[in-house]
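Bear in mind these aren't lab numbers, they're just calculated from the coordinates by the rules spelled out. In this text the structure is predicted, and so the values were computed from the model without any measurement. Positions of Cβ are backbone-derived with ideal geometry, glycine not excepted, and every protein chain shown enters the neighbour counts.
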């Protein structure tokens, strides 16, 4: 049964309070995204994967922090890191993603 908007709102407020002071990407990014999907009553594993391997623009392998095919690509950085670099990194992955899986949205976050 889908969650009501009131339940999603309650979960979102709780989630934001839980994560408001977190600063370490390495230590907490995966837990953050699992919790984010849970706000909507969804399991992250059903929709998205971590460290999705792609060939980067210019060659070499890259790993998308979180990839939801056809919907979302996330590059998550620690607080204070350059979001411009994260943005560039995210778009360097596009040539290695199948056309049908290209995301509608790119999210960079610290």
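In percent, rounded to a whole number, the relative contact order of the stretch 23-110 is 29, using alpha-carbon pairs under 8 Å and six or more apart. Does the stretch 40-94 come out rounded, prolate or oblate, given a ≥ b ≥ c as the square roots of the eigenvalues of its C-alpha gyration tensor, rounded meaning a/c under 1.5 and, failing that, prolate meaning a/b above b/c? In terms of gyration-tensor shape, oblate. Only helices enter the 222 nm calculation for the chain: every DSSP H run of n ≥ 4 contributes -39,500 (n - 2.57), and dividing by all residues gives -12000 deg cm²/dmol, rounded to 500. Here are a few candidate values for mean projected area of the Cα convex hull in nm²: [x] 7.1; [y] 7.5; [z] 6.4. Which one was actually calculated from the structure I just gave you? Among [x] 7.1; [y] 7.5; [z] 6.4, the one calculated here is [y]. Based on alpha-carbon centroids, what's the gap between the stretch 1-22 and the stretch 29-93 in Å, whole number please? After rounding, the separation between the Cα centres reads 21 Å. Rounded to the nearest 10 degrees, the angle from helix 5-19 to the longest Cα principal axis of the chain is 70 degrees. Going from the residue with the fewest nearby Cβ atoms within 10 Å to the one with the most, 93, 105 rank 105, 93. Principal-axis analysis of the Cα atoms of the chain puts helix 25-39 at an angle of about 50° to the longest axis.
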